[in-house]
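**Q** The following block contains the structure, expressed as structure tokens.
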């Protein structure tokens, strides 16, 4: 293994200032660099120009404006103005105006070149200005490229889309870059093409080149603009002018502009011929992403340039898929037997080629196939997106149709075999995108029972996935509320709530509100003011309107009532200039405010003011947002595992905690964003910890001597593309792994391509990083790891690792994997408190795919928490583990340098990487440092479980109470052993179920559990000394009742409550006696009655117990585990369980062939 040389001169500004050589950047950053380079080129040519960038963010261009803002100093230095658009069509109109600076007024520059950007729906809404601007033309030294982000598979769009047809409608030529290199180069060609032809140039991009990070060449002579010599320019040129009229504009466009575009493409050889041979018989015409996928497909088939020559294959890569340059296209097609057009979505290139070649004599006209073959059967799908293995299958079948070839036949067999090895079965667990921990939507989306609500564009779109929110679908951006305008005259309903983000409100939603006022409908707009455009990366809303400003705008529109609801009402003093009549309420009063607005005639608005949780987290890291020393903590002994805290808060930081008495809840302190709504769950187990500081592992504990002796694994890059897949959870920093590895490879002079497959996944969903490394940057093709081609899998999230996209890339007896076997809760846990989190089946699934011995598993979460005090460190920990296992072909020195260049949590990430390496090499040593292994739950025999519960109930009440439990369980065991010898499931179910009922948590028990030393011990293990506690309780008699829900409202008590708990715990002897005042409550009487009923029901079952009805008896005995919670929560669960029990008992008494188990085993929670 040779020593890798590292280029320590690399820095993050290289991508914008370096003038030659190779740089490492994303597709978005290439679009930032391009106008800088264009200005420099113009300056070198003696032109005094300026750049103008405007548009509106949206995936895959979500972070483009953020990258522009980060590079502001470079934009200023090179005369490029960035002005975010209020919306897409206004931005397009502004850019149209920039092309008029030489026509009207007194210009400062000879021309302004510009970029418009937006996602595909933004192009749709901007059709009018685009058409007018393209017909009018561009400035001679200006030029416009319109960058549109397509989302073929609708990963973060409401419909699958493609932009070519919209551009065609506006007669705009379209450039289609394949990768980051093309993005950079085509932008420069695009401005030159726009200047020459007078056209606005469509610029189609996709996640595969925007979200991709890649090593590209920036040599100045790479892009050399040539002026066509075979096109006669009209005397007055093709540029914008005034006076002008629509008839001359159309004639100029149709007679000259497209022909000029064709000539420019010819002169600059933008369309590229590959594998050209006189003997070629089979041609492939492709563009954009499909070009790279075609090369990947050929590689899969083992077809390189020499093999292509033997098979008679030629490739024609189109830079401009519409309108196709005809001369080069015809020349390419001449003499071919067949042309396969490879393009995504609906046919654009294929239809043009058919028209272009239609007049050729039949003997000279090649057969053209693409979306369908010559018999009309589907060949390459128009749906979603194309994958390299699909293209490989089509290529090989078409080749075999021309001439039989044993090599192609064998390659096709392998492709088909890899396709059949892919499982179409749904993954065992799915990690869907979901609201961030502490998300304002989790509170703001609530509404009074019986109300209707509609979703809007933005994070609240996800409300449609939450059954409790019962939110109806949204329309397009800016039409919010119009569904109701169309329904209201024909509906019995009188009112709806309409969710609307502050970004959408400022973008176009305010006009929808105006339309609702004009229509005189009854609707309440719930405008979430979260201080950021959360869905696209936390950017500021353009103009940054204040809450008070929005209320004044709404009042001016004629709304009948306006209310502000916030988590911080105290921040609004008397000097805040709200519109007259505006009320300000705390978010705890949301339902009352909504009820009032619902009953108010006309259009009303509720402005919900709470900062985006993800943005809070970002700002706190930068010390730009208050970070209160206050945290929530759950007393697991008091917790019932009912899930009401999750229901109230909708928070994904509330996680399962498996205990000896079943599943309870805990708070993930690493991901908690300090929203505190979890304490509103009707449960006394939540405490507020004031002056809370997380206890972390001291850095001095790191075994530096041991690390210094650690051997460096073999990091030799194989003589091919090395494919690595990293899986993780959106919002947890997993993309840092790819960013670090890509930069590390770049530092060593290797070719690197990183594609983070994110979309909506940034909101707690599945994230996959496709990492591809080669010796030379020019050898990189498709951005994604192809089917069954992964060399390594780093599973930072096991749920994503077992998903279809990840497992499809795995190859048996080839892929090696390291898996974080900690199961972070999915969104399902918020909705279902009993969801299964056993990871053994998940690791077995991966092991079965890869083959025994190809996988290592470790709990990265617990190790990161124990060693670093922060679970966020688990991703770099897993990278270190994989590195030491020899799965990462870059040096440790390069990785550590890349971590430094990343400039985020440098010391923590380097330490996490080091701990991961040590854990792979010396697992026992690291386990000791982490204190791992001591907290595992002991596996008890049934007798030991009984003994433990007898002991607990004796402490709960007295010895007699424990003996009562023991006696009844003995009765159950005796019956079971007599009727069904060898079985213990019925007894075990009774052990848990009967205990659950007998250990009901009344006031005495809650007090006893809080005074248990184990509670304080866990607090001290979590937080540093110096904290104080607050308790959130709803004592009978003194607690208020909620005016809308009718539920008891919790109150907050100080640390002094511990004295009250100590006193109350000593009064447990009053339980059940005439002096037990708490026992007079309906809930306490119900709990005592449930114990007696359970004894009666089980004795009845035991009298009729038989092997045929045994399974039903087990399920009945387990039912008390469903009666969880406190107060109204417990009462509801009790009613539901009684209904279930009645039906089960009917089934129990049916004939054996009628017995049908109704429910799987419930997860114990005692």
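**Q** Being closer than 11 Å to residue 117 by Cα and out of contact with any helix residue (DSSP H, G or I) (no Cβ under 8 Å at 6 or more places or on another chain) is the filter; apply it to the stretch 57-106 and report the residue that is modelled with the highest pLDDT.
**A** 91
**Q** Moving on to the next point. Find the helices (runs of 4 or more DSSP H) located wholly in the stretch 811-929 whose residues include 2 or more that are within 22 Å of the chain's Cα centre (by Cα) and assigned by TED's automatic domain parsing to the domain that holds residue 801, and list them.
**A** Helices (runs of 4 or more DSSP H) meeting the threshold: 827-831, 860-868, 874-884.
**Q** Give 432, 451 a once-over and let me know the one that is touching a residue at least 24 places away in the same chain (Cβ under 8 Å) and over 16 Å from the mean Cα position of the chain (by Cα). Don't jump to the end; show me each part of the working.
**A** Details: 432 fails: over 16 Å from the mean Cα position of the chain (by Cα).
After ruling out the rest, the residue left standing is 451.
**Q** Looking at this structure, is residue 693 loosely packed, with under 15 Cβ neighbours inside 10 Å, touching a strand residue (DSSP E or B) at 6+ places or on another chain (Cβ under 9 Å) and closer than 30 Å to residue 1014 by Cβ?
**A** yes
**Q** Looking at the stretch 561-601, which of its residues are over 24 Å from residue 438 (Cα atoms) and touching a strand residue (DSSP E or B) at 6+ places or on another chain (Cβ under 8 Å)?
**A** 561, 562, 578, 579, 581, 582, 583, 596, 597, 598, 600
**Q** Then there's this: Is it fair to say residue 231 is outside any loop (DSSP other than H, G, I, E, B) and either touching a residue at least 12 places away in the same chain (Cβ under 8 Å) or surrounded by 15 or more Cβ atoms within 10 Å (Cβ to Cβ) (or both)?
**A** Values: outside any loop (DSSP other than H, G, I, E, B): no; either touching a residue at least 12 places away in the same chain (Cβ under 8 Å) or surrounded by 15 or more Cβ atoms within 10 Å (Cβ to Cβ) (or both): yes.
When the stated conditions are applied, residue 231 does not pass them.
**Q** So residue 15 ticks every box in (1) under 23 Å from residue 204 (Cβ atoms); (2) in contact with a helix residue (DSSP H, G or I) (Cβ under 7 Å, 6 or more places away or on another chain); (3) in the same structural domain as residue 127 (by TED's automatic domain parsing) but one. Which box is left unticked?
**A** Here residue 15 meets the rest and fails (3).
**Q** When you scan the stretch 766-778, do you find a residue that is in contact (Cβ under 8 Å) with a residue 40 or more places away in the chain, farther than 22 Å from residue 821 by Cβ and assigned to a helix (DSSP H, G or I), even just one? Please lay out each step first, then the result.
**A** Keep residues of the stretch 766-778 that are in contact (Cβ under 8 Å) with a residue 40 or more places away in the chain, which gives 766-775, 777.
When the remaining residues are screened for being farther than 22 Å from residue 821 by Cβ, the result is 770, 772-775, 777.
With the extra rule that they be assigned to a helix (DSSP H, G or I), the set shrinks to 777.
Looking through the stretch 766-778, at least one residue is in contact (Cβ under 8 Å) with a residue 40 or more places away in the chain, farther than 22 Å from residue 821 by Cβ and assigned to a helix (DSSP H, G or I).
**Q** Quick test of your reading of the structure: residue 616 fulfils all but one of (1) under 24 Å from the mean Cα position of the chain (by Cα); (2) within 30 Å of residue 834 (Cβ to Cβ); (3) touching a residue at least 40 places away in the same chain (Cβ under 8 Å). Name the failing condition by number.
**A** Every condition holds for residue 616 apart from (2).
**Q** Let me ask another. Residues 593, 547, 582: which one is within 14 Å of residue 444 (Cα to Cα) and either surrounded by 20 or more Cβ atoms within 10 Å (Cβ to Cβ) or not assigned by TED's automatic domain parsing to the domain that holds residue 681 (or both)? Spell out how you get there, then give the answer.
**A** Working: 547 fails: within 14 Å of residue 444 (Cα to Cα); 582 fails: within 14 Å of residue 444 (Cα to Cα).
After applying the criteria, what remains is 593.
**Q** In the stretch 1004-1048, what count of residues is obtained for those that are farther than 22 Å from residue 670 by Cβ and in a loop (DSSP other than H, G, I, E, B)?
**A** 14
**Q** Let me ask something else. Does residue 131 fit the bill of being at pLDDT 95 or above, in the same structural domain as residue 54 (by TED's automatic domain parsing) and surrounded by fewer than 24 Cβ atoms within 10 Å (Cβ to Cβ)?
**A** So residue 131 passes the test.
**Q** Still on this model: When you go through (1) within 27 Å of the chain's Cα centre (by Cα); (2) in a strand (DSSP E or B); (3) closer than 26 Å to residue 503 by Cα one by one for residue 53, which number turns out not to apply?
**A** Only one criterion is unmet by residue 53, namely (1).
Yes or no, residue by residue, for (1) closer than 30 Å to residue 754 by Cβ; (2) surrounded by fewer than 18 Cβ atoms within 10 Å (Cβ to Cβ); (3) in contact with a strand residue (DSSP E or B) (Cβ under 7 Å, 6 or more places away or on another chain); (4) without any contact (Cβ under 8 Å) to a residue 40 or more places away in the chain:
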| position | (1), (2), (3), (4) |
| --- | --- |
| 887 | yes, no, yes, no |
| 904 | yes, yes, no, no |
| 910 | yes, yes, no, yes |
| 915 | yes, no, no, no |
| 939 | no, yes, no, yes |
| 947 | no, yes, no, yes |
| 951 | no, yes, no, yes |
| 954 | no, yes, no, yes |
| 957 | no, no, no, no |
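**Q** Can you find a residue in the stretch 468-478 that is touching a helix residue (DSSP H, G or I) at 6+ places or on another chain (Cβ under 8 Å), more than 25 Å from residue 558 (Cα to Cα) and in contact (Cβ under 8 Å) with a residue 40 or more places away in the chain? Give the steps one after another, and end with the answer.
**A** Restricting attention to the stretch 468-478, the residues satisfying the condition of being touching a helix residue (DSSP H, G or I) at 6+ places or on another chain (Cβ under 8 Å) are 468-469, 471-478.
Still in the list and also more than 25 Å from residue 558 (Cα to Cα): 468-469, 471-473.
Now narrow it down to the ones that are in contact (Cβ under 8 Å) with a residue 40 or more places away in the chain: 468.
Yes: one or more hits.
**Q** Out of (1) without any contact (Cβ under 8 Å) to a residue 40 or more places away in the chain; (2) buried (at least 22 other Cβ atoms within 10 Å of the Cβ); (3) over 17 Å from the mean Cα position of the chain (by Cα), the odd one out for residue 463 is which?
**A** (3)
**Q** Could you run through the stretch 488-506 and say how many residues are under 28 Å from residue 126 (Cα atoms) and either modelled with pLDDT of 95 or more or crowded, with 24+ Cβ neighbours inside 10 Å (or both)? Walk me through it before giving the result.
**A** Here is the first cut: in the stretch 488-506, the residues under 28 Å from residue 126 (Cα atoms) are 498-506.
Right, trim to either modelled with pLDDT of 95 or more or crowded, with 24+ Cβ neighbours inside 10 Å (or both) and you get 498-505.
Matching residues across the stretch 488-506 total 8.
**Q** For the stretch 134-186, which residues satisfy the criterion of being in contact with a helix residue (DSSP H, G or I) (Cβ under 6 Å, 6 or more places away or on another chain), assigned to a helix (DSSP H, G or I) and buried (at least 24 other Cβ atoms within 10 Å of the Cβ)?
**A** Residues satisfying the conditions are 180, 183, 184.
**Q** May I ask you to list the residues in the stretch 79-117 that are surrounded by fewer than 18 Cβ atoms within 10 Å (Cβ to Cβ) and either more than 22 Å from residue 139 (Cβ to Cβ) or touching a strand residue (DSSP E or B) at 6+ places or on another chain (Cβ under 8 Å) (or both)?
**A** Once the filter is applied, which keeps residues that are surrounded by fewer than 18 Cβ atoms within 10 Å (Cβ to Cβ) and either more than 22 Å from residue 139 (Cβ to Cβ) or touching a strand residue (DSSP E or B) at 6+ places or on another chain (Cβ under 8 Å) (or both), the stretch 79-117 yields 81, 83, 86, 108, 110.
**Q** Oh, and also: Considering only residues that are touching a residue at least 60 places away in the same chain (Cβ under 8 Å) and surrounded by fewer than 22 Cβ atoms within 10 Å (Cβ to Cβ), look in the stretch 961-991 and name the one that is nearest to the chain's Cα centre (by Cα).
**A** Step one: list which residues in the stretch 961-991 are touching a residue at least 60 places away in the same chain (Cβ under 8 Å), which gives 968, 971-972, 975-976, 979-980, 983, 985-986, 989-990.
Cutting the leftovers down to surrounded by fewer than 22 Cβ atoms within 10 Å (Cβ to Cβ) gives us 968, 971, 975, 979-980, 983, 985.
On the way: 968: 51, 971: 53, 975: 53, 979: 53, 980: 50, 983: 46, 985: 41 Å.
Taking the candidates together, the pick is 985.
**Q** Any residue at all in the stretch 358-375 that's over 23 Å from residue 313 (Cα atoms) and outside the structural domain of residue 653 (by TED's automatic domain parsing)? Reasoning before the result, please.
**A** Restricting attention to the stretch 358-375, the residues satisfying the condition of being over 23 Å from residue 313 (Cα atoms) are 359.
With the extra rule that they be outside the structural domain of residue 653 (by TED's automatic domain parsing), the set shrinks to 359.
Yes, the stretch 358-375 contains a residue that is over 23 Å from residue 313 (Cα atoms) and outside the structural domain of residue 653 (by TED's automatic domain parsing).
**Q** Tell me whether the stretch 824-832 contains one or more residues that are crowded, with 18+ Cβ neighbours inside 10 Å, closer than 30 Å to residue 701 by Cα, out of contact with any helix residue (DSSP H, G or I) (no Cβ under 6 Å at 6 or more places or on another chain) and at pLDDT below 85.
**A** Scanning the stretch 824-832 turns up at least one residue that is crowded, with 18+ Cβ neighbours inside 10 Å, closer than 30 Å to residue 701 by Cα, out of contact with any helix residue (DSSP H, G or I) (no Cβ under 6 Å at 6 or more places or on another chain) and at pLDDT below 85.
The values are calculated or read from the model by the stated rules, or taken from the named source; none is laboratory data. Bear in mind the structure is a predicted one, so any value in this text is a computation, not a measurement. Reconstructed Cβ throughout: ideal geometry from the backbone, glycine too, with neighbour counts over all protein chains shown.
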